[in-house]
Amino acid sequence: MRTVQFREAVREAMSEEMERDESIFLMGEEVGFYNGAYKVSQGMLEKFGERRVIDSPITECGFAGLGIGAAMVGLRPIIEFMTWNFSMVAYDQLINHAAKTFQMSGGQINVPIVFRGPNGPANQLGAQHSQATESLFTHVPGLKVIAPGTPKDAKGLLKSAIRDNNPICFMESEVMYGDTGEIPDGEYTIPIGVGDIKREGSDCTIIAWSKMVKVALQTAEALAAEGIEAEVLDPRTLRPLDEDLIVQSVKKTGRCVIIEEAWPFNGVGSEIAYRIQSRCFDDLDHPVERLNSLDVPAPYHRQIEMSIRPNAEKAAKLVKKVLYLE
């Protein structure tokens, strides 16, 4: 096992796949000469050249569309958004072209493309640059959405995403690129649609993904000191969702708290809560609880910004609530 940063895990996945398959290329703003806004693609231009690591103009709709067209004729593009906040400029390309072409062509045209980049609230970036966008894309049939919470998952899932024949939204937390974690030596992949139990427990299931996995584990650690054993479940892929793993865990613990960085209304957590209560109603000892960011645009002021976000203290209170301890 090696310890690497999250950004290094993503870079390794792209580089290994580009070495394996010459039809894969990376394109986006500043991915080449600048080495990526978050240095994820550092060194890749020198290694693969300007034909496969391509700096684009600041035009998300344009380079997303170019990537979709390239995918339709047999290439495998990786399109980097400097942030998923900017993907909204290319929303029509993702929703009306990448997601629907396979079905609208009667299965004749695959669109094997990965859209990736930083997602989720960051630090003092203001309302337009600091938001979790996953629910915008999980809503759409035809797209797969992945939100890894560890370097190991990021590398294994990204390699699977690049090999997949469907359009995939790969969402990396904007503030996790410097986080470190162990990854296996040598070649490995992680299947899309398979969740992971990050910590075993018997009293309550905490479901979280991306950056919130860390919050969930902090919550479980704090609760363990009080004799409460929480199970932390990371779905890793939000669409398709590993519903069976969620049901299995909730049936074991009888309680569930979902931690989600996005807004509450129509969020991914809403869908998960519905599915739990649909399949586990008789096994629940308390209704499912959700912890989200507050339903407001992200403020710039640091203290106010932190006050609207989920944290381990808020999550622990909800776990105690479903255990009837508060």
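The values are calculated or read from the model by the stated rules, or taken from the named source; none is laboratory data. Since we're looking at a predicted model, the values are computed, not measured. Every residue, glycine as well, gets a Cβ built from its backbone with ideal geometry; the counts of neighbours run over all protein chains shown. Ligands, DNA and RNA are excluded from the accessible area calculation, which covers all protein heavy atoms including side chains. Shrake-Rupley method; radii C 1.70, N 1.55, O 1.52, S 1.80 Å.
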Over the alpha carbons of the chain, what is the largest minus smallest coordinate on each principal axis, giving the biggest first in Å? 60, 44, 41
Rounded tilt (10° steps) of 60-72 against the dominant C-alpha axis of the chain: 80
Acute angle (nearest 10 degrees) that the helix 243-253 long axis makes with the longest principal axis of the chain, alpha-carbon atoms: 20
Ratio of Rg to Rh over segment 95-207 (Cα coordinates, Kirkwood Rh, two decimals): 1.01
Cα centroid separation - segment 282-312 against segment 140-180, whole Å: 23
Probe 1.4 Å, accessible area per residue of segment 9-158, Å²: 39
Please state, to two decimals, what the Cα-based radius of gyration of segment 237-326 comes to when divided by 2.2 N^0.38 Å (N = residues). 1.17
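How much of the accessible area of the chain, probe 1.4 Å, is carbon plus sulfur, in whole percent?
Whole-percent figure for carbon plus sulfur exposure: 52.
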Descending semi-axes in whole angstrom, ellipsoid equivalent of segment 124-175, from the Cα gyration tensor: 22, 16, 7
Under Stokes-Einstein, segment 188-283 at 10 °C and 1.306 mPa s, with its Kirkwood radius over C-alpha pairs, diffuses with a coefficient in µm²/s of 118
For the chain, take the longest principal axis of its alpha carbons; what is the angle in degrees between that and the long axis of helix 151-163, to the nearest 10 within 0 to 90? 50
Any residue on another chain or 5+ positions along whose placed amide H is under 5 Å from the amide H of R239 is listed here as V145
If amide hydrogens are placed 1.01 Å from N in the peptide plane, which non-local residues have theirs closer than 5 Å to the one on R76? I24, F25
Summing -39500 (n - 2.57) over the DSSP H runs of n ≥ 4 in the chain and dividing by its residue number, what mean residue ellipticity at 222 nm do you reach, to the nearest 500 deg cm²/dmol? -9500 deg cm²/dmol
Total formal charge among the other residues, if their Cβ is under 10 angstrom from that of D55, Lys/Arg +1 and Asp/Glu -1: -3
With the other protein chains left in place, how much accessible area per residue, in square angstrom, belongs to segment 188-326 at a 1.4 angstrom probe? 46
I want the antiparallel fraction of DSSP beta bridges within the chain, as a percent rounded to 5. 25
